[in-house]
Structure formats: structure tokens, C-alpha cells
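A short write-up of the structure that comes next.
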Amino acid sequence: MQASNLPQKEGESTVYYPRMRLAGRLELKELVREAVQSTTFNPAEAEAALGIVFRKLGQRMAMGYSVHVEGLGTFTPSLRLKEGRERETGARGEQRRNAQSIEVGGIHFKPDKEMLREVNSQCHLERSERKFQRSSTRYTEAERLELARNFLQTHSEMALWQYCALTGLLKNKASRELRRWEADPATGIRGTGHGISKRWRIMKNEE
């Protein structure tokens, strides 16, 4: 059970909700190898067939379709502004974002009821004795911004793991906070790159 991060009124008891502690991540090769053990299918052929389906799935979503796989669920693409592009505010005379400013930023998945029933039928839950980690609260958001700025005065750039070490925040919260700061020019912090190679630095006047 994990404590809720929602703000509580004074005197209210902490609310806990159930969260699954994952055992790890299973790669497709291992999943296919297990799936074909009691069949006459070749693992390499099965994986190749799935690859063909996945590529076609991507092509159809790129054409604006949501794709439903019976017994599995529905895949639906979602959009976002490209890095460095500011959102429209609706202000009069504001430059509108064109299609070149937008990209597919995520894919939403909604499982079918059959898949949920299958998972539940195979799932035997036990309560974990270990508690989930929570982000540190020893610094306020303003103090964390100052820590980041001070770090970047003596370093050319900052990685996500370095910001986590500076502030005590967990990866997800730290990433959300840095994205929020880079969207606000007043912070002076700019992000470059994508994924694990993404870095943050102080904007120079000419940038």
C-alpha cells in the first residue's frame, strides 16, 4: 500500500491505495520463447510475424487510426508540441502553431475486458513488506531551482540523475519538474536532447 500524494486537510488521516510492486521487465524475445514452447511454431518466425504486425500498427496510427486488437486492447496515438515550441495561449495576434510544430508524443493503451480477466485469473497477490520510496521533501521547489542553477554555474550541463542526487527527488517527479521549468523562460533552464541522453543547461542571452 502506498500513501497518496494528494494534499490533505489538517487532521485528516493519510489515505493509502494499492500499487503493484513489479518483479521486473520481460522482453519480447523471452515472452515469445515461453509462448511457443508447447506449439510447433519457431520462436524466430513468431517474433518476425509480430514485428510485421507492430510495423503495420505504427503505420496505421500514423495515418490517424486507433487500432483495436481483439482480446488485447486499443492503441490510440496522442500529440504534443515539439521540444522548444511554446503552447498557444489564445491571445490576440499570437502566432498559431502549425502542423510542423507538432508530433506524436505518446500512445494510449486501453486493455480489453478479456485481457483484464486473464491477468486477474493468473494473479495471486500478496502484501509486500517493503515500502515504496517517496521523493524527499527537505527542499522547497524554489530551493530546488536554486540548487539546479548553482550546479549549472560550475557545470556545462546537468543530467536527470544529477538533479535527483542534488534534490533527493525520485526520477519521475524530477523529470516532470525539469520539463515544467524548461517550459517557463523565467527559470533560465533549457533542455536539449531526448530520452536518457537529455541534458539541461542555463540559457545564454543570445539563445
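The values are calculated or read from the model by the stated rules, or taken from the named source; none is laboratory data. The structure presented is a predicted model; accordingly, all values stated were derived computationally and were not measured. Because the Cβ atoms are built from the backbone with ideal geometry, glycine has one as well, and the counts that use them run over all protein chains shown. When the accessible area is computed, the model is the full protein with side chains, heavy atoms only, and any ligands, DNA or RNA have been set aside. Shrake-Rupley method; radii C 1.70, N 1.55, O 1.52, S 1.80 Å.
Is at least one residue of region 127-137 modelled with pLDDT under 90 and surrounded by 15 or more Cβ atoms within 10 Å (Cβ to Cβ)? Yes: one or more hits. Given the structure, is Leu166 modelled with pLDDT under 90, assigned to a helix (DSSP H, G or I) and not charged (D, E, K, R)? So Leu166 passes the test.
Checking each residue in region 23-32 for being part of a loop (DSSP other than H, G, I, E, B), of a type outside the set (Gly, Ala, Ser) and over 17 Å from the mean Cα position of the chain (by Cα) picks out Leu26, Glu27. Listed conditions (1) surrounded by 14 or more Cβ atoms within 10 Å (Cβ to Cβ); (2) under 18 Å from Thr140 (Cα atoms) are all met by Glu157, apart from (2). Of the listed requirements (1) over 15 Å from Glu83 (Cβ atoms); (2) at pLDDT below 90, Lys113 misses just one: (2). Residues in region 166-207 that are surrounded by 15 or more Cβ atoms within 10 Å (Cβ to Cβ) and of a type in the set (S, T, N, Q) were compared, and the one that is nearest to Glu143 (Cα to Cα) is Thr167.
State yes or no: is Ser38 open to solvent by less than 100 Å² (accessible area, probe 1.4 Å), among the hydroxyl-bearing types (Ser, Thr, Tyr) and not in a strand (DSSP E or B)? Spelling it out, it is not the case that Ser38 is open to solvent by less than 100 Å² (accessible area, probe 1.4 Å), among the hydroxyl-bearing types (Ser, Thr, Tyr) and not in a strand (DSSP E or B).
Matching residues to (1) under 25 Å from the mean Cα position of the chain (by Cα); (2) open to solvent by 70 Å² or more (accessible area, probe 1.4 Å):
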| position | (1), (2) |
| --- | --- |
| Gly11 | no, yes |
| Arg21 | yes, yes |
| Glu34 | no, yes |
| Glu45 | no, yes |
| Val53 | yes, yes |
| Val67 | yes, no |
| Glu70 | no, yes |
| Thr76 | yes, no |
